[in-house]
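Have a look at the structure below before the remarks.
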Amino acid sequence: LDVEHTSRAALADVREAITGYRGQGLAAELIRARKTLETAGITVNSDIAELPLTPAQETVLALALREAVTNVVRHAHAESCRVKLAREREQATLEIADDGRGEAAPEGNGLRGMRERLEAIGGSLQRRTEAGTCLIIHLPLAPVGPSLRN
């Protein structure tokens, strides 16, 4: 029942965030993610780099992490989850990978919303389901705006 309670609480957090709640940033969300996963009995491995993120990027990544963790707890039946935030060239890359069922089910509202928020600030989302589920999020680290061409 702890897993059910945790997943319901995480889902409520996502809904609250989506309806206008502004989180305490990515660092706080990473702590919350670890606690949520560990409470659900899922081992967490994390590798988090300090990156120069805009407030909008940080908020979108925090919401994406929250939604991904909710999905791991609710659907994956995973034993472990890896969270990695790294710089790859001029991009921030956030990966959330679990060793669970890895269903290739259609995207639900949570993933669809995550994708839309990422695309709105120039980012992208990939989902792989071959061995568990892996979400790969890319965001440009340079400011996104119109290019200046002559």
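No lab work stands behind these numbers, since they all come straight from the coordinates. Quantities reported herein were computed from a predicted structural model and do not represent experimental measurements. Ideal geometry is used to build each Cβ from the backbone, glycine not excepted, and the neighbour counts take in all protein chains shown.
Karplus-based coupling profile of segment 70-76, in residue order and whole Hz: 4, 5, 4, 5, 7, 10, 7, with θ = phi - 60° in 6.51 cos²θ - 1.76 cosθ + 1.60 and x standing for Gly or Pro.
Taking the Cβ of Arg82 as the center, what net charge do the other residues with Cβ under 10 Å away carry, scoring Lys and Arg +1 and Asp and Glu -1?
Net of charged neighbours comes to -3.
Taken along the Cα-to-beta-carbon direction at a fixed 7 Å, the label points for Ala56 and Arg82 span 3.2 nm. Between Ala28 and Ile136, the contour length at 0.36 nm per residue exceeds the Cα-Cα span by 36.8 nm. Taking amide H atoms as placed 1.01 Å from N in the peptide plane, the amide H of Gly102 lies under 5 Å from those of Gly132, Thr133, each 5 or more residues away in sequence or on another chain.
Working note: Karplus 6.51/-1.76/1.60 with θ = phi - 60° gives segment 115-122 the couplings 4, 5, 5, 5, 5, 5, 10, x Hz, where Gly and Pro are set to x. Per the Kirkwood formula applied to alpha carbons, segment 81-120 shows a radius of gyration over Rh ratio, Rg over Rh, of 1.03.
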